[in-house]
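The structure appears below as structure tokens.
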Amino acid sequence: EMTVPSVSAKEVYEKREAGEPEVILDVREPDEWERGYIDGTVLLPRGRIEGRLEEVVPDKDGLIVTH
């Protein structure tokens, strides 16, 4: 069984500052996204992940953070 580790906002910030490549997926709905988002994130609502994940995240070995 695969486990998904949790990371804190501070850890994500530190990785970004260190230049570590990552993809941050915002899995909220578009109306939630419009109220505010983290710069550099990709909007991919939870219900659409299966159909578009490979398109949005081509590097399957990279860090993927969901918000």
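Quick notes on this structure:
- Inter-residue pairs, beta-carbon under 7 Å, first basic (K, R) and in the stretch 12-28, second part of a loop (DSSP other than H, G, I, E, B), 6+ apart: R28/P45
Here's the yes/no breakdown for (1) at pLDDT 85 or above; (2) of a type in the set (A, V, I, L, M); (3) open to solvent by 70 Å² or more (accessible area, probe 1.4 Å):
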{"site": "K10", "(1), (2), (3)": "yes, no, yes"}
{"site": "E17", "(1), (2), (3)": "yes, no, yes"}
{"site": "G36", "(1), (2), (3)": "yes, no, no"}
{"site": "D61", "(1), (2), (3)": "no, no, yes"}
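- Across the stretch 28-52, the number of residues qualifying as within 12 Å of I64 (Cα to Cα) and part of a loop (DSSP other than H, G, I, E, B) comes to 1.
- Among the criteria (1) surrounded by fewer than 12 Cβ atoms within 10 Å (Cβ to Cβ); (2) in a helix (DSSP H, G or I); (3) within 12 Å of the chain's Cα centre (by Cα), the one E55 does not fulfil is (3).
- Against the conditions (1) part of a helix (DSSP H, G or I); (2) at positive phi, Y13 satisfies every one except (2).
- Some residue of the stretch 48-59 being β-branched (V, I, T) and free of Cβ contacts under 8 Å to residues at least 12 places away in the same chain: no
The values are calculated or read from the model by the stated rules, or taken from the named source; none is laboratory data. From a predicted model like this one, the values you see are computed outputs, not experimental measurements. For neighbour counting, all protein chains shown are included, and Cβ atoms are generated from backbone atoms with ideal geometry for every residue, glycine included. Areas reflect the complete protein model, heavy atoms only, side chains present, ligands, DNA and RNA absent. Shrake-Rupley method; radii C 1.70, N 1.55, O 1.52, S 1.80 Å.
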